[in-house]
Structure formats: C-alpha cells, structure tokens
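The structure appears below as structure tokens.
Nothing in this text is a laboratory measurement; each read-out follows from the coordinates by a stated rule. The shown structure was predicted, so the numbers you read here are calculated from the model rather than taken from an experiment. Cβ coordinates were reconstructed from backbone atoms using ideal geometry, including for glycine residues, and neighbour counts include every protein chain displayed.
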Amino acid sequence: MDANNEAITVLYYDQTDMTSICAEVLSNLDVEKNQRVILPQGYRDDKIIVAILDGDCHVRNSLGDRQVYS
C-alpha cells in the first residue's frame, strides 16, 4: 500500500441523524494496488457511507434540499 496525498470526499449519512447527507474531506490515506482507499480505523463507526469521490468536492444540493415546483 502506498500513501496518497490526494484528497478524497466521503459522502455519508450519520446513523444518529439520517435526515441529510454529510460530506467530509480526507487526505494522506493509504491506497491499495487496485486504487481502493483505506479509511482510518473506526471511521465507518456510526456512518452509512454512500460514496467516495476523488478530490475536495462541495455538495451543492442533495435529495430534499430543493423545493419541488408543480
């Protein structure tokens, strides 16, 4: 495994409050040969991980953020 200095963004739901999606940027993580990122021990605790994105991403809108017009 090699250390990766590139940032990733993790999209997840907090298990204690699943009303909105959360995003967190992580960097300096180990990466397997197949390019799979190794998250820190215990990071998944109390989270439902939805996606891992390359780079420092900003979520503009997510499900339920925008008003529905009829």
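Rounded to two decimals, the Cα-based Rg/Rh of the range 1-58, with Kirkwood Rh, is 0.99.
Excluding ILE52 itself, calculate the net charge of residues whose Cβ lies under 15 Å from the Cβ of ILE52, where each Lys or Arg counts +1 and each Asp or Glu counts -1.
Taking every other residue near ILE52 into account, the sum is -3.
Here LYS33 and ASP56 are evaluated by their C-beta separation; at R0 = 30 Å the FRET efficiency comes out at 0.80.
Based on Cα contacts under 8 Å between residues 6+ apart, the chain shows a relative contact order of 39 percent.
Provide the net charge surrounding ALA23, with neighbours chosen by a C-beta distance below 13 Å and charges set as Lys +1, Arg +1, Asp -1, Glu -1.
Values: positive: LYS47, ARG60; negative: ASP14, GLU24, ASP56, ASP65.
With Lys, Arg at +1 and Asp, Glu at -1, the net is -2.
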